[in-house]
Every structure is written in structure tokens, then in C-alpha cells.
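*Asks:* Questions regarding the structure given below will be posed in turn.
The values are calculated or read from the model by the stated rules, or taken from the named source; none is laboratory data. Predicted model only: the values in this text are computed from it and were never measured. Please note: Cβ atoms are built from the backbone with ideal geometry, for glycine as well, and neighbour counts cover all protein chains shown. Surface accessibility is based on the protein's heavy atoms, side chains included, excluding ligands, DNA and RNA. Shrake-Rupley method; radii C 1.70, N 1.55, O 1.52, S 1.80 Å.
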Amino acid sequence: MKNKSLVSINDLSREKILSLLETAGKFEENPNRRLLEGKVIGSLFFEPSTRTRLSFETAANRLGARVIGFSDAATSSASKGETLKDTIMMVSNYADLIVMRHHLEGAARYASEISPCPVINAGDGANQHPSQTMLDLYSILKTQGTLENLHIHLVGDLKYGRTVHSLLFAMRHFNPTFHFISPEELHMPEEYRVFCRKNNIPFTETTEFNESIIANADILYMTRVQRERFSDLMEYEKVKNCYRLTNAMLAGSKPNLRILHPLPRINEIAYDVDDNPKAYYFQQAQNGLYVREALICDVLGIEVE
Amino acid sequence: MNTNKEALQVSALCNGTVIDHIPADKLFEVVNILDIPSMTTNVTIGYNLKSRKLGTKGLIKVADKFFTDEEVNRISLVAPNVVLNTIRDYQVVEKREVKMPEKITGIVKCPNPKCVTNNEPMTTIFEVASKENGTIKCHYCEKETSIEKITLL
């Protein structure tokens, strides 16, 4: 059963990415387009994710679709032991499109193979979250005017951070230079360094995070250093404040620099950064709406004028 | 006559397939991969036979059975240097080496406990990630794993 599901950012070509971003731009101009009148979207959140779910459901509503679904597996038949396959088959009887978040890696790929209707992956465990990557790309394009030849600094948890891995993969089309800034324990995994070398993507690595390290950055992509990732809590206490961005650190930064963060942030971006015009994380989240409207229309094969 | 008897460690085959040069410690895995326990024809399995190349080897003779490339290539995961001899009328008519398949369906268990294939009643699929490094990639969770470390289902 071949349909136009969106499972992994790695499935998208350069051309496809650019055309989706262009469509997202149209939705930014006018987000309220009733292109999905009469359609039903199944919003299946086997794992809670308020931010992503609200963004997708808002996108569906602004397109004029109706939304059915659940926001927690505890309220679905999964809690009675129903298999993923059975839930997907049941919902695909009702819905024209399934948007799903699941804690198991590969769940969305599997769902897309068994479901007669298209599936959009809204996150499958630590694996993929393509709509997040697309909104990151949209934010970069919008603030820099291009995706080409940028210096992108990734800061914080580069080991488990799925958003930074997907961004790395997606940016391979656009000749970036990466700078990996993380504590020793949360280094970029070897497979991604191999990926960079194979694709001739230059990168630097450091454990230092200070004003001079970020002086040449176009994009500063901050992530949360999570306490639960550390086996040694002493280590965590030592590093938790080393990867904290303050307004003072931005004094010598480039005028076009923008700060991105997939959110939620805890303390890795000080509140005094919020008022700096280079802070872009809240608009970044807003861009998620336009990108998701574009993704939904694309998998349903709907042209956007 | 005596020397002949010694040389022939297992009896000759009229029609069928001889799978030779199986590392002894991989023999029973190969037996399972080829689903030999469900076969009804005459099968001879040689274990710990003397081999100049391997020290000891395993050997499987299956009467009246000719394997497809797909069936054969599954063996490459555990024993990449195996040789298959197709026998017709006591003569070796073809010698085949196994090749690693591009897609491996339903044989390998994904080592990622959070992979959907380990939590749902479904078939695993792997694609070859790098032939040089001997790595395969789970079609579902996208994690790569070394062939030397795989577990068979």
C-alpha cells in the first residue's frame, strides 16, 4: 500500500523540502484556508505531547478539517492491549489522514505501511520528528533568507537530541558548516560524524561555550541538557550551567544571528535573552503551524494557491 | 577402495544441493535459516568434518532440493563464505557463492529494545547500510547494527 505518508526527514529530497517551505510561506500570509472542508484527521497521540498536538490540531482546524483522536494512550484501546496495527486499521476506517506520536521507534513507518490513508509522523521515540525539522528549516530560511552556506552551532545534548540529528541530515543539501558544542558525555555520536565526513560537511567540536565560540554563528541551536541522561549526577551538576546562554554572550555576535530552541527550555537560555531581537524560539514554534498546514496539504495531495 | 572411503566423509548425492564450507559453529544456524527441519526429503548433515581451509567444517546435503538465490543469500548473514554445489545425476553442475542480500526480511532481530519490531507482532526488515563495514540498518527504527553482533529470530 503506497501512499504519500511523511515518516522521516531523510525521505525528502532537496527539491521537496524547498517546495514544502514555499507552501508554508503561503500559509504564513494566510493561515485560514478551508482547503480540508469535509475531511477528518485522526490525531493519535499514544504518548502525550501538548505542543506538537496543539500545533497539528490548530493546523487541521485552520484548514477547515475535523479532528478525532486521543491525547494519551491511557485513554485509547492500547491500554487494553490492542496492537498498534489494530488501532491504525480501525482509525483509518474513519479518518482521511492520521497524525501520530508514538514512543516506539519505527512505529510511524510501520503504520504508514499498513494504513490505507496517509500517516504523518509527529515523533516516534528518539527516532524521527520531521515536522519539527521542517519548522527548524523554515525558521532558518525565513531569518537568513537562504539555507545555503550557513554556520550552524548546535549546543547542549547532541547525543540524544533527535532534533539536532534530523537537522544535520536535512541540512546536507545546503552546504552548511556545523559547530558541535556539548559536554563530553553528550557528544555528537560517531555515526553522525561519519555522515558529515561522507557528505563533505565541515564541522568543529568543542566543550567550551562562550562569546568567542559563537562569534561567527548564523544560527545558534540550543537544546536542553537533561538530568536523566547522566549516569553521574556530579557530572550533571558540573555541566548544567556551562551550556547556558546569557544576553551578555551575544554582544559580539553577528547581526543576522538567530537563536533557535525546540522548546521546552529550562534554564539553558537566560530570560534576559528573550528581549534580544536575535531570540527567535517563540516565533520558531509559531512557524510550526504554517509548516504543518503545508505538510498536511502535501500528503493529502491538495494544491495550495 | 579404503582411501576412497576415507575421502568420502559423507555419501554421494544423486540430485540436490550440497552446502559446503560452513564454519562448524555456524552449522545449526544455517540449518535453521534454510528451514531444514521442515523438509521431507533425504537430508545429511555433517558436523565437525575435517577441512583444510577451516579446520573443522559443517556440510549439508539436501536431496531433490534446489535453492533460490533469495533462500541462499539468507545464509550470508551467518556464514558469508559458504559454497553451494548443485548436483544433477551425481555431477556438480553449478557452484554458487552466497551474496549478502540488499534486503533482509524476517530473519534478524533488531537490537534496539525500543524498536517497534520488538513490541508488535510483525516482520523485521533490514537494509544493507555498508557492505565494507558489514553493517545493516533497521527499516523501522533506522538504527544501524554490525552483522557480527546480530541475533537471529
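*Asks:* Looking at (1) out of contact with any Gly (no Cβ under 8 Å at 6 or more places or on another chain); (2) under 18 Å from B:Ile147 (Cβ atoms); (3) not aliphatic (A, V, I, L, M), which is the only condition B:Asp35 fails?
*Replies:* Status for B:Asp35: all satisfied but (2).
*Asks:* Enumerate the helices (runs of 4 or more DSSP H) found wholly within the stretch A:133-240, keeping only those where 2 or more residues are more than 28 Å from B:Lys143 (Cα to Cα).
*Replies:* Details: elements: A:162-171, A:190-198, A:233-239.
So the answer is A:233-239.
*Asks:* Among (1) within 17 Å of B:Val43 (Cα to Cα); (2) surrounded by 13 or more Cβ atoms within 10 Å (Cβ to Cβ); (3) not β-branched (Val, Ile, Thr), where does B:Tyr90 come up short?
*Replies:* If we test B:Tyr90 against (1) within 17 Å of B:Val43 (Cα to Cα); (2) surrounded by 13 or more Cβ atoms within 10 Å (Cβ to Cβ); (3) not β-branched (Val, Ile, Thr), just (2) comes out false.
*Asks:* So, A:Arg62, is that one free of Cβ contacts under 8 Å to residues at least 40 places away in the same chain and closer than 22 Å to A:Cys117 by Cα or not?
*Replies:* When the stated conditions are applied, A:Arg62 does not pass them.
*Asks:* Considering the stretch B:95-148 alone, what residues qualify as being in a loop (DSSP other than H, G, I, E, B), farther than 24 Å from A:Phe46 by Cβ and at the interface with chain A (Cβ under 10 Å from one of its Cβ atoms)?
*Replies:* If the condition is that a residue be in a loop (DSSP other than H, G, I, E, B), farther than 24 Å from A:Phe46 by Cβ and at the interface with chain A (Cβ under 10 Å from one of its Cβ atoms), then B:Asn133 is the only one that fits.
*Asks:* Which residues, taken from the stretch A:215-230, are out of contact with any Ser or Thr (no Cβ under 7 Å at 6 or more places or on another chain) and surrounded by fewer than 18 Cβ atoms within 10 Å (Cβ to Cβ)?
*Replies:* Correct list: A:Asn216, A:Gln226, A:Arg227, A:Glu228, A:Arg229.
*Asks:* Go over the candidates A:Ala122, A:Ala107, A:Ala170, A:Ala111 one by one and state the one that is open to solvent by less than 10 Å² (accessible area, probe 1.4 Å) and touching a Gly at 6+ places or on another chain (Cβ under 9 Å).
*Replies:* A:Ala107
Residues are listed down the side, and each one gets a yes or a no for (1) under 17 Å from the mean Cα position of the chain (by Cα); (2) within 30 Å of A:Thr87 (Cβ to Cβ):
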site	(1), (2)
B:Thr40	no, no
B:Arg52	no, no
B:Ala79	yes, no
B:Asn112	no, yes
B:Thr123	no, yes
B:Gly134	yes, no
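*Asks:* Taking the stretch A:108-125 as the search range and keeping residues that are outside any helix (DSSP H, G or I) and more than 18 Å from A:Glu47 (Cβ to Cβ), which one is nearest to the other protein chains (Cβ to nearest Cβ)?
*Replies:* A:Ser115
*Asks:* Out of (1) at pLDDT 85 or above; (2) in contact with a helix residue (DSSP H, G or I) (Cβ under 9 Å, 6 or more places away or on another chain); (3) surrounded by 16 or more Cβ atoms within 10 Å (Cβ to Cβ); (4) assigned by TED's automatic domain parsing to the domain that holds B:Ile19, the odd one out for B:Lys61 is which?
*Replies:* Here B:Lys61 clears every test but (2).
*Asks:* Still on this model: Can you pull out the residues in the stretch A:30-56 that are closer than 17 Å to A:Arg66 by Cβ and of a type in the set (Lys, Arg)?
*Replies:* Selection gives A:Arg33, A:Arg34, A:Lys39, A:Arg53.
*Asks:* So, one more: Which number in (1) open to solvent by 50 Å² or more (accessible area, probe 1.4 Å); (2) under 17 Å from A:Ile98 (Cα atoms) marks the one condition that A:Asn32 misses?
*Replies:* Failed condition: (2).
*Asks:* For A:Pro116, all conditions in the list (1) touching a residue at least 60 places away in the same chain (Cβ under 8 Å); (2) touching a Leu at 6+ places or on another chain (Cβ under 9 Å); (3) open to solvent by 70 Å² or more (accessible area, probe 1.4 Å) hold save one; what is the number of the exception?
*Replies:* Looking at each condition in turn, A:Pro116 falls short on (2).
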